[in-house]
């Protein structure tokens, strides 16, 4: 077992829907998808984003694309047009998730 | 096979992309998505001041510049440029064609019926509550502050306009994917219950609706090696009648079309992937099969769909107070420490002035603005500079206005090694918030008109 940052084994894209951010997390190699499924749970993502996300985190699996989709509720200070943040639409949340350290 | 080229991912996207799509190689359709959620309230405000406004003015200008290719090569154009005034947008398109010397050469279709702003009280009186989908609150609570209310229409009205001979179709609010799904329905004769085919069309539309995000733009995989982003090609969808699609771009353009980039776009701004709900079908994104089919060419197939719901989504915007944000930049040494001290001084002054806000938010651009303190970690004391950015939000426009006068004084009366942007004090903006709701489809009738230009 080795510990690596998610950015070593995955890429991602994030966006907004109201006050919710979605982060699509994709394995760079198909064989690493099971690692994402095992390591990157909704609970861990909630813990990882505890400063930015006030609500719950939901996770969905897309095995056909080697991807997970996360919904982070109450994560944008009220939503894209209301938010006072520089990243009002959560566009950089994708990279923030890739900071997470996982065991491979 | 038909080729559908997207050239606008939002209002504000490249002005040149539509012309490059028209001139860079063969296409059958050009689609342009102008309407973000915030756009409708801006257009409604413009319409209230001027009944000849309220649509994306970039669109007729684009038609005028591209008229030669559109008319002489028979390219069909579908755009949601109509905003809250699709009829006037259609007239502006006709005028633009006239200016380009092509008066009377083609038909223009206009889709309306999405705008329910004038019907809200009637709908509510009849028990259609338009509750907030996220919070469950009744619309009554913000009724007086509503700015715009538009139904997301589906793709069939666009197909109907094309079927009636329209070469340019202008819509108001419709689902983003409808712009490319409408053409495939029209060309291939797909029926309202061809769920798998419609779902495939939805997936294709979702891939191209954000423009160059499908062709190497904003792509995290090997981004430094993606060729010629300055000349990036926008996406082209090659659609087959049996629901197989390929995503590509014009030969010789920059960017890159790969499974990695297309997958990033597939998972962009989706919810439950098993149920991507549109007005026309529920698409199951867990059934998409994707593969590289050559250089700059990705194909997908196998998409499954389920029957659409009996409801349309409504996007309602309402006024929710005021906000402003100001910045000051602090230089080495101890830039972050100075910026944090300045933030404390500013907040003390705001408090002493008795100004009340519903939110005050401070960021240190260069140290924590994107990812927050926890994930960014401690910034080095040797960091070259950091920008303090403070924003406030509240119902009292006067308090927000007063806040904007408290930033600049820090240049002289706060911590040292400070500079601030030219351009004066921050602007006070009205906050427009969103209210997603549902409405029975039986309450909404799309109208299609087709006229000679």
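Among the residues of the range B:168-176, is any part of a helix (DSSP H, G or I) and either assigned by TED's automatic domain parsing to the domain that holds residue B:238 or crowded, with 24+ Cβ neighbours inside 10 Å (or both)?
no
Name the residue, out of B:431, B:390, B:386, that is surrounded by 19 or more Cβ atoms within 10 Å (Cβ to Cβ), within 14 Å of chain A (Cβ to nearest Cβ), farther than 28 Å from residue B:38 by Cβ and in contact with a strand residue (DSSP E or B) (Cβ under 6 Å, 6 or more places away or on another chain).
The match here is B:386.
Of the conditions (1) touching a helix residue (DSSP H, G or I) at 6+ places or on another chain (Cβ under 7 Å); (2) away from every other protein chain (no Cβ under 14 Å); (3) not in a loop (DSSP other than H, G, I, E, B), residue B:243 fails just one. Which one is it?
Among (1) touching a helix residue (DSSP H, G or I) at 6+ places or on another chain (Cβ under 7 Å); (2) away from every other protein chain (no Cβ under 14 Å); (3) not in a loop (DSSP other than H, G, I, E, B), residue B:243 violates only (3).
Within the bounds of the range B:379-388, is there any residue that is touching a helix residue (DSSP H, G or I) at 6+ places or on another chain (Cβ under 7 Å), at pLDDT below 95, in the same structural domain as residue B:342 (by TED's automatic domain parsing) and closer than 30 Å to residue A:23 by Cβ?
yes
Could you tell me which residue of the range B:286-303 is surrounded by the fewest Cβ atoms within 10 Å (Cβ to Cβ), considering only residues that are within 11 Å of chain A (Cβ to nearest Cβ) and under 15 Å from residue B:235 (Cβ atoms)?
B:290
Of the numbered conditions (1) part of a helix (DSSP H, G or I); (2) under 21 Å from residue B:250 (Cα atoms), residue B:30 satisfies every one except a single condition; which is it?
(1)
Given the conditions (1) modelled with pLDDT under 95; (2) assigned to a helix (DSSP H, G or I), and given that residue B:35 satisfies all but one, which numbered condition is not satisfied?
Evaluating residue B:35 over (1) modelled with pLDDT under 95; (2) assigned to a helix (DSSP H, G or I) leaves (2) as the failure.
Could you check, for the range B:145-152, whether at least one of its residues is over 24 Å from residue B:36 (Cβ atoms) and either outside the structural domain of residue B:77 (by TED's automatic domain parsing) or surrounded by fewer than 21 Cβ atoms within 10 Å (Cβ to Cβ) (or both)?
no
Inspect the range B:345-352 for any residue being surrounded by fewer than 21 Cβ atoms within 10 Å (Cβ to Cβ) and closer than 22 Å to residue B:381 by Cα and give the result as yes or no.
yes
Can you give me the ranges of the strands (runs of 3 or more DSSP E) entirely in the range B:74-161 with at least 3 residues that are touching a strand residue (DSSP E or B) at 6+ places or on another chain (Cβ under 9 Å) and more than 17 Å from residue B:59 (Cα to Cα)?
B:146-151
Please indicate, with yes or no, whether at least one residue in the range B:106-115 is more than 24 Å from the chain's Cα centre (by Cα) and farther than 24 Å from residue B:316 by Cβ.
yes
For the structure I just gave you, tell me whether residue B:306 is more than 9 Å from chain A (Cβ to nearest Cβ) and closer than 22 Å to residue A:27 by Cα.
no
Which one of these is modelled with pLDDT of 95 or more and part of a helix (DSSP H, G or I): B:15, B:43, B:19?
Criteria check complete, one pass: B:19.
Go through the range B:432-444 residue by residue and tally those that are at pLDDT 95 or above and within 24 Å of the chain's Cα centre (by Cα).
Residues flagged as at pLDDT 95 or above and within 24 Å of the chain's Cα centre (by Cα) within the range B:432-444 amount to 7.
Output the residues belonging to the range A:95-104 that are more than 7 Å from every other protein chain (Cβ to nearest Cβ) and surrounded by 21 or more Cβ atoms within 10 Å (Cβ to Cβ).
Within the range A:95-104, just A:97 meets the criteria.
Taking the stated definitions as given, is residue B:70 in contact with a helix residue (DSSP H, G or I) (Cβ under 9 Å, 6 or more places away or on another chain) and either modelled with pLDDT under 95 or under 21 Å from residue B:88 (Cα atoms) (or both)?
Yes.
So which residues in the range B:246-269 are at the interface with chain A (Cβ under 9 Å from one of its Cβ atoms) and either in contact (Cβ under 8 Å) with a residue 60 or more places away in the chain or within 18 Å of residue B:179 (Cβ to Cβ) (or both)?
The answer is B:265, B:266, B:268, B:269.
The values are calculated or read from the model by the stated rules, or taken from the named source; none is laboratory data. Computed from a prediction, not measured in an experiment: that's the story for all the values here. Positions of Cβ are generated from backbone atoms using ideal geometry, with glycine treated the same way; all protein chains shown enter the neighbour counts.
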